[in-house]
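Structure first, then comments.
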Amino acid sequence: MVYPLIYVVVLLLAFYLGWGVILYVMQPKFLYCPIRAVPHTPGELDLDFEDVTVRTEDGLRLAAWYIPARDSQFTVLFCHGNGGNMMHRLDSIEILHNLGLSCLIFDYRGYGNSEGKPSEEGTYLDAAAAYEWLTSHKKIPPDNIIVFGRSLGGSIAAHLATVVGAKGLVVESSFTSYVAIGQKFYPYMPVKWFARFGYRTIDYLKDVHCPVMFIYSRNDEIVPFEFGRELFEAANEPKEFVEIFGSHNDGFLVSGEAYRAAWARWLKFVEGYEGAAVSQQAS
């Protein structure tokens, strides 16, 4: 009986190690899920927009849309999630527009019509390039920029807010770190040992010194609600936590008026906030 038991243990161990190798190699495919085709634009929502090309520090050209709102005080720099492309955020763009906010949304490298291949450092460079376009090309001052990120984009937005000036930061349905979300999906694997990405949202927030709003749903099937509370606790004041309902990908739609009202209330607070729109590192 000993030898069959050893054989089973060896097989299980081989399977475990093999699955670990697959997870290690496939991590970029699991994390980045771009779609190239962009058949729809804000024009189909009767929104005026500019087709924009943003150039990154390492020489890539990124596709972006700038959607102005009449008499807007703030412009939202929108860092979207890990799947699809900016076309799949038209519902969010319309919500922001109806709130009186101008918006710049861009596709990370490898997404939509953007050049290159996605990587963690690349996404940070992409967000920085979009910010640079707003401040240099559009001459929009940091005091008029709201950095907004959903899901993976929340981590990218938080990172950006540590190195540039902004009037405020919105983090929606984002994880505390890549390792933490990996441990949620693969609790039986030593994720810390083979994680190829960081996206340490919780660490970035400690260096953000503008107002921050967190938006999370208890019904989120991908990012635990508790992650939002952990990020909220880690953030500096002033900060606000908003609870919505609905799943990871449709909470902002399912919550409807409650979602829009939360944005409107927070924007009114931010408008009166007199803190400087500079990060710790920028200062």
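Between the helical axis of 152-163 and the longest alpha-carbon principal axis of the chain there is an angle of about 60 degrees. Mind pulling up the Rg/Rh value for the chain? Radius of gyration and Kirkwood radius, both on Cα. My calculation of the ratio gives 1.02. Computed over the range 34-272, relative contact order equals 15 percent, with contacts defined as Cα pairs under 8 Å that lie 6+ residues apart. By the rule of a C-alpha distance below 13 Å, with chain neighbours fewer than 8 residues away ignored, the aspartates and glutamates paired with Lys206 are Glu230, Glu233, Glu237. Relative to the longest principal Cα axis of the chain, at what angle does helix 257-272 sit, 0 to 90 degrees, rounded to 10? Approximately 60 degrees, to the nearest 10. In the elastic network of the chain, a GNM with C-alpha springs shorter than 10 Å, the most mobile of Asn144, Asn98, Asn85 is Asn98.
Ellipticity at 222 nm from helices only: DSSP H runs of n ≥ 4 in the chain, each -39500 (n - 2.57), divided by the residue count, give -12000 deg cm²/dmol.
Separation of the alpha carbons by more than 30 angstrom is noted, of Lys138/Lys239; Lys117/Lys192; Lys138/Lys192, for Lys138/Lys192.
Fewest-first ordering of Lys117, Lys139 by other beta carbons within 10 Å of each residue's beta carbon gives Lys139, Lys117.
For the chain, find the longest principal axis of its Cα atoms and tell me its angle to the long axis of helix 120-132, 0 to 90°, nearest 10. Approximately 0 degrees, to the nearest 10. Only beta bridges with both residues in the chain are counted; by DSSP, about 30 percent of them are antiparallel.
Looking at the range 158-228, the chymotrypsin sites (Phe, Trp or Tyr not before Pro) that sit in a DSSP loop and have at most 10 other Cβ atoms within 10 Å of their own Cβ are Tyr188.
Read the figures in this text as sums done on the coordinates, not as results from a lab. Keep in mind the model is a prediction, meaning the values are calculated, not measured. FYI the Cβ positions are ideal-geometry reconstructions off the backbone, even for glycines, and counts take in every protein chain you see.
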